[in-house]
Amino acid sequence: MISNIAGYHTKEEWFLGKGSFGSVYRAEKDGKSYAIKIFQTEFLKDEYKKFLDREVDALRKIDHPQVVKFYESGIFSDKGFDYFYIVMDFIEGKKLSTYVGSGDEKLIVGIIESLLVPLEAIHAGGILHRDLKPDNIIIDQKGTPIILDFGLSKIIDYTSIIQTGEFAGTFYFMSPEQIVDSKNIDARSDYFAVGVILYQLLTGLLPFDAPNIPALIEEIQKRYPKAPSDINPNISNKTENVILKLLEKQPYSRYQSTAEIISAFSEEIILRKAKLDLRIRNYVRVLNNEKTVFKKASEAGLISEVLYPANLFASYKPTVKVIQDSRLPFTTDPSTNRLNYPAFSSSPTLQELPYSSGSDTTPLQKKDFHSITQIQEYVKKVIDHQIMYGVNELAAPFFFAKDPSDEWYSINLKLLKESIDYRDKNHSELPLWAGICMNVDGWHDDDIKNEILNKYVKNAPDGFFVYGDPVSNSANLAQVFHYSDFLIKLQKASNVPVITARVNGLGLVLLCLGLSGMSCGISGLDSFQEGLLSDQKEDTYGMDPRYYIPELMSLVTLKKGITTKLKDINKSSISEALKCPCPYCKDILEEEVLISERVKMHFLYRRKEEMDTINSLNEEERLKYIEERLAKALEYKKTLTKEGFKISSDFSHLNTWKSLIEEFKKLGV
């Protein structure tokens, strides 16, 4: 142990630590304490040895109370070995690494904001730190961060340090460009390190980790980190965005100054209040070939809310104009969940969306949403497209996710956060809907259900459209129950409207169980499964008309519009009970073939009656109403079957819905 270095006295017990650049000891001279760092000169590149004194002279010029002060440097010999030494201030305190995983966002952000001030002073002096990490930052006894070891990595030969096995710790905090060419970097490389530090302090984990250096380099250069809020759900979206922007792969995508970073931290948080109440809603999903039906129905007061798919905006502007002129609540399905399937290439209207992949052959991929810049740019395109076409209830982009382990799930959450932020900054007067599009088979697992509830409720949009796969008349009781249970819990927890999407009769049941809204097409588009997203078809063109019989709570398919099934019903003993009194069904049995417009106007008229009835009832009366309707429908179905009239291939959904109500009654609904 060397006890005297150029007049600085040290002892073995005064050892402070060992880092990438050698050992550090406390030393004394003239009654004052210093820190002295020593390492063998063989770790220096030959080309740097002659510049050593000049570099340390430059370091001495940095005069800032939060930057460790350099006093002198030199070379001494001991037992045949040459050593380089640097004398610095001795700072009493604790390393920033002691705060790793604390999760205290206010405290950590405050430390980082304070840290950026001396970092700016270092950069202003023409020096880069190059080795920022929690172990190189001391929190003094007043809680102020003090930067250590800046600038020294330029002097050290990294290749020789790698050979000693001491380089990996520093590597975790290096920017992609520093790994490739450490000589030609700028201040933005240090900003990347700040992002790694902030990520680690708030989550307890490093954003990039691997079992060996080559794998770690691969991660830093090519992989985007997991969203910090996926690890620590208490991290605010604002802070998460700062972290992710600091960790962008390209320097130009990061903040360009410490002032920008500090400004991002101090950006005012807008406290949002939900813009949609819990009144009953029925969003009619309109297609481009239904312009005339929509115009007549809206003028007759049969439609109260409308949803029009975004991929139809540009190609069918007259339909959009009619919807705009109606002044009804107007939202959209952004159609994003079809853009990551190869079948999108068969749909011109999908390809023409300004937020499609831009390729005729390659759909959107997960890698298109890895950086915060990519996500924010995508959100802007989606929302701006809606604003251009007069949507007055915005819809965040979303994709189908099988379960919470699916990367699309995390992408959806981040897209939602950014959509809310973008709306708040640019269109704060408009409500914004979130879309949840997932497979429901795993929702019987409370852990999975609660994970989804926790994440989406925290994001606080103004409402939710939920597409469940598979939710249709053929879904079994377990699927329907856990889907319904999720919707009810989501609405209660968020206190915003939840819409069951692409359902018909089940939607009425859910309204009577307390849900705020439902959505389906006009006599169609009343089921959902993932396969529909990869379907080559644009819409329901060419499908046989489906006639709504409210008394059976079912749509009956009329092959080529031929009224044979309706005439069969008229021969039954319950013909009067099933006969439709609406103005669009007058003399219907005299027609051989029903035109589509008439079938759709009938559907909207009868649906309006149902919605008005449900709206007029209190909660207890609604439950009784739907139970009585189901009981009647089952009775009618039994009679038709007994009399030999095959109106539909399957009415099993009626029993499923009856059992669903019984299950909810057990829960106290």
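Would you check the accessible area of Met601, probe 1.4 Å, heavy atoms only, in square angstrom rounded to 10?
We get 10 Å² for Met601.
Got a sec? Charge dipole of the chain, +1 on Cβ for Lys and Arg, -1 for Asp and Glu; which of Asn4, Phe664, Leu201 is way out at the positive end?
Of the candidates, Phe664 comes out farthest on the positive side.
Beyond a 19 Å Cα-Cα separation, which of these cross-linked pairs lie in this structure: Lys275/Lys458; Lys249/Lys402; Lys296/Lys600; Lys579/Lys600; Lys295/Lys321; Lys61/Lys133?
Where the Cα-Cα span goes over 19 Å, the pairs concerned are Lys249/Lys402; Lys61/Lys133.
Which whole-Hz ³J(HN,Hα) couplings does the stretch 611-621 yield from phi under the Karplus relation 6.51 cos²θ - 1.76 cosθ + 1.60, θ = phi - 60°, glycine and proline marked x?
So the Karplus estimates, Gly and Pro as x, are 5, 4, 5, 4, 4, 7, 9, 7, 4, 5, 5 Hz.
To the nearest 20 debye, what charge dipole does the chain have about its Cα centre, counting +1 at the Cβ of each Lys and Arg and -1 at the Cβ of each Asp and Glu?
Charge dipole of the chain: 1600 debye, to the nearest 20.
Would you mind checking the tilt of helix 446-459 against the longest principal axis of the Cα atoms of the chain, expressed as 0 to 90 degrees and rounded to 10?
Helix 446-459 sits roughly 80 degrees off the main axis of the chain.
Taking a ≥ b ≥ c as the square roots of the eigenvalues of the Cα gyration tensor of the stretch 511-621, is the shape rounded (a/c under 1.5), prolate (a/b larger than b/c) or oblate?
Verdict is oblate for the stretch 511-621.
Suppose all protein chains stay in the model; what accessible area per residue would a 1.4 Å probe give for the chain, in Å²?
Value for the chain: 43 Å² per residue.
Go through Lys579, Lys637 and list them by solvent-accessible area, largest first, probe radius 1.4 Å.
These residues rank, largest area first, as Lys579, Lys637.
So what is the relative contact order for the stretch 537-669, in percent, with contacts set as C-alpha pairs under 8 Å and at least six apart?
Averaging sequence separation for qualifying contacts and normalising by length gives 27 percent for the stretch 537-669.
In vacuum, with every alpha carbon of the stretch 208-285 counted as one equal point scatterer, what does the Debye formula give for log10 I(q)/I(0) at q = 0.16, 0.18, 0.20, 0.21 Å⁻¹? Two decimals, please.
Debye curve over Cα of the stretch 208-285, log10 I(q)/I(0) at q = 0.16, 0.18, 0.20, 0.21 Å⁻¹: -0.79, -0.89, -1.00, -1.05.
Please go through the residue pairs Lys449/Lys624; Lys380/Lys414; Lys449/Lys492; Lys11/Lys37 and name each one whose alpha carbons sit more than 18 Å apart in this structure.
In this structure, Lys449/Lys624 exceed 18 Å between Cα atoms.
Suppose a student asked you for the relative contact order of the chain, using Cα pairs under 8 Å spaced at least 6 residues apart; what percent would you report?
Averaging sequence separation for qualifying contacts and normalising by length gives 8 percent for the chain.
Ignoring ligands and nucleic acids, what accessible area does Phe344 show with a 1.4 Å probe (Å², nearest 10)?
0 Å²
Which chymotrypsin sites (Phe, Trp or Tyr not before Pro) does the stretch 480-582 hold that lie in a coil by DSSP with at most 16 other beta carbons within 10 Å?
Of the chymotrypsin sites (Phe, Trp or Tyr not before Pro), the ones in loops of the stretch 480-582 whose Cβ has at most 16 other Cβ atoms within 10 Å are Tyr541.
Just going by the charge dipole of the chain, with Lys and Arg at +1 and Asp and Glu at -1 on Cβ, which of Ser534, Gly17, Ala297 is farthest out on the positive end?
Ala297
Counting pairs of alpha carbon atoms under 8 Å apart in space and at least six apart in sequence, what relative contact order in percent does the stretch 329-392 give?
35 percent
Rounded to two decimal places and with Rh computed the Kirkwood way over Cα pairs, what is Rg over Rh for the chain?
Computed over Cα atoms, the ratio is 1.14.
Tyr584: net charge of surrounding residues, Cβ under 11 Å, Lys/Arg +1, Asp/Glu -1, itself excluded?
Residues near Tyr584 contribute +3 overall.
Considering only protein heavy atoms and a 1.4 Å probe, what is the carbon-and-sulfur percentage of the accessible area of the chain?
Result for the chain: 49 percent of the exposed heavy-atom area is carbon or sulfur.
The values are calculated or read from the model by the stated rules, or taken from the named source; none is laboratory data. Computed from a predicted model, the values in this text were never measured in an experiment. A quick note on method: Cβ atoms are made from the backbone with ideal geometry, for glycine too, and the neighbour counts reach across all protein chains shown. Please note that ligands, DNA and RNA were not included when accessible areas were found on the heavy atoms of the full protein model with its side chains. Shrake-Rupley method; radii C 1.70, N 1.55, O 1.52, S 1.80 Å.
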